[in-house]
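In what follows, a single structure is set out as structure tokens and then discussed.
The values are calculated or read from the model by the stated rules, or taken from the named source; none is laboratory data. Computed from a predicted structure; not experimentally measured. Here Cβ is always computed from backbone atoms with ideal geometry, including for glycine, and neighbour counts include all displayed protein chains.
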Amino acid sequence: MASVTALNYNPDKTLKLLEFNKKERPYVVQIFGSDVNHFAKAVKILDKKINPDGYDINFGCPVKKVLKQGAGAKLMSNLELSKKIIETVLKNTKKPLSVKIRAKSFSVGALDFVKNIADLKVAAIMVHGRTLNQLFTGPIDLKLIKEIKNIFPGLVLANGGIESFKDVNKIIKETGVDGVGFGRGALGRPWIFSEKLSNLNKKELRELVIKNSIKQLKMTKKNKGELGLGEFKGHLSWYFKDFSGASKMRSEIMKTSSFLELERLLKSGII
């Protein structure tokens, strides 16, 4: 997720964050902002410097600092500007474009948004089935997602509240969507994509969590050094959030001051 404004004024820093391994293709850059000209210049820069396989415009982000910029879910509520920005991106790149929206943002509903861009060549749309007011809690509107699937000519992906492989099958069956998107559901559960690992008992799950935590610890240390310690602690909190004594575990995790201490803690069996 990259700011088009940052790409206009300080591109080197943002481009560094967007570097990727060729093995990761297909690679899509998600962009956000509210200035038409910034979007136009940003995709030209990205085409030349990053060469992604596609772009996605975020019309669903509920973070306050993004909303204050008139971006994310705030931009979704402005149908005229939203459409103009999509048109501008399509004119300035030959890469396929997708968009991400919410069930409702302020007074604009997802159906209104989709109908407003029906004449544009948007390849795919991801629908977070919750409203802006719901943020990340509560049920997703499966009926709405199904309605969008029935009228949108491109690919439709469902998003929101998906925390297991069972959720995936249920949502696809009830809405007929082409696929789903994981966000918070994958935090601390990177195996959410695996049907094989979706029905583990508590002992098996704990063993898997510790094994993956240590693996991720070593990868983070190698790629980011000690600067990645704080970020990794956040990931560990997600890994252990559903275990008994999670609060005490988080406390022990936060007390550590190095990757070595964390690794010893994980291997000790205390958490």
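Quick one: LYS143 ticks every box in (1) crowded, with 17+ Cβ neighbours inside 10 Å; (2) over 30 Å from LYS91 (Cβ atoms) except a single one, so which number is it?
(1)
Among all residue pairs at least 6 apart or on different chains, which show Cβ distances below 9 Å where the first residue, located in segment 1-28, is of a type in the set (Lys, Arg) and the second is modelled with pLDDT of 95 or more and outside any helix (DSSP H, G or I)?
ARG25/PRO52; ARG25/ASP53
Any residue that is over 28 Å from ILE148 (Cβ atoms), part of a helix (DSSP H, G or I) and over 20 Å from the mean Cα position of the chain (by Cα) - is there at least one of those in segment 185-199?
no
Within segment 62-75, how many residues turn out to be within 20 Å of VAL122 (Cβ to Cβ) and in contact with a helix residue (DSSP H, G or I) (Cβ under 6 Å, 6 or more places away or on another chain)?
Filtering segment 62-75 down to residues within 20 Å of VAL122 (Cβ to Cβ) leaves 71-75.
Next, only the ones that are in contact with a helix residue (DSSP H, G or I) (Cβ under 6 Å, 6 or more places away or on another chain) stay: 72, 74-75.
Of the residues in segment 62-75, 3 are within 20 Å of VAL122 (Cβ to Cβ) and in contact with a helix residue (DSSP H, G or I) (Cβ under 6 Å, 6 or more places away or on another chain).
What number of residues within segment 29-53 satisfy the criterion of being in contact (Cβ under 8 Å) with a residue 40 or more places away in the chain and either of a type in the set (Asp, Glu) or over 27 Å from ASN78 (Cα atoms) (or both)?
Looking only at that region, the number is 3.
Conditions tested, residue by residue: (1) of a type outside the set (A, V, I, L, M); (2) touching a residue at least 40 places away in the same chain (Cβ under 8 Å).
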| site | (1), (2) |
| --- | --- |
| ALA110 | no, no |
| VAL114 | no, no |
| VAL122 | no, no |
| ARG130 | yes, no |
| LEU135 | no, yes |
| ILE140 | no, no |
| LYS143 | yes, no |
| LYS146 | yes, no |
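Looking only at segment 1-33, which residues are within 24 Å of ALA124 (Cβ to Cβ) and touching a Ser or Thr at 6+ places or on another chain (Cβ under 8 Å)?
ALA2, SER3, LEU7, THR14, VAL28, ILE31, PHE32, GLY33
Restricting to segment 112-136, give me the number of residues that are of a type in the set (S, T, N, Q) and either more than 18 Å from GLY72 (Cβ to Cβ) or at pLDDT 95 or above (or both). Show your work before the answer.
Keep residues of segment 112-136 that are of a type in the set (S, T, N, Q), which gives 116, 131, 133-134.
Narrowing the set further to residues that are either more than 18 Å from GLY72 (Cβ to Cβ) or at pLDDT 95 or above (or both) leaves 116, 131.
So the answer is 2.
Okay, residues lined up against (1) in contact with a Ser or Thr (Cβ under 9 Å, 6 or more places away or on another chain); (2) more than 30 Å from ARG102 (Cβ to Cβ); (3) surrounded by 16 or more Cβ atoms within 10 Å (Cβ to Cβ):
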site	(1), (2), (3)
ALA158	yes, no, yes
SER164	yes, no, no
ILE171	no, no, yes
VAL177	no, no, yes
ARG184	no, no, no
ARG189	yes, no, yes
ASN212	no, yes, yes
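If we only count helices (runs of 4 or more DSSP H) wholly inside segment 57-109, which ones have 3 or more residues that are β-branched (Val, Ile, Thr) and closer than 16 Å to THR5 by Cα? Give the steps one after another, and end with the answer.
Details: elements: 64-67, 73-76, 79-92.
Qualifying helices (runs of 4 or more DSSP H): 79-92.
Whether any residue in segment 218-235 is within 20 Å of GLU163 (Cβ to Cβ), touching a residue at least 24 places away in the same chain (Cβ under 8 Å) and in a helix (DSSP H, G or I) is what I want to check. Walk me through how you get there before you give the answer.
Looking only at segment 218-235, we keep the residues that are within 20 Å of GLU163 (Cβ to Cβ), and these are 234-235.
Going one step further and asking which of them are touching a residue at least 24 places away in the same chain (Cβ under 8 Å), we end up with 235.
After this cut, where a residue has to be in a helix (DSSP H, G or I) as well, the list is 235.
Scanning segment 218-235, I find at least one residue that is within 20 Å of GLU163 (Cβ to Cβ), touching a residue at least 24 places away in the same chain (Cβ under 8 Å) and in a helix (DSSP H, G or I), so the answer is yes.
ILE45 passes all but one of (1) outside any loop (DSSP other than H, G, I, E, B); (2) modelled with pLDDT under 95; (3) of a type outside the set (D, E, K, R); which number fails?
ILE45 satisfies every listed condition except (2).
Could you check HIS235 against (1) over 18 Å from ARG264 (Cβ atoms); (2) touching a Gly at 6+ places or on another chain (Cβ under 8 Å) and say which number it fails?
(1)
Quick check on my filter: what residues within segment 155-179 are within 18 Å of GLN134 (Cβ to Cβ) and either part of a strand (DSSP E or B) or aliphatic (A, V, I, L, M) (or both)?
Matches in segment 155-179: ALA158, ASN159, ILE162, ILE171.
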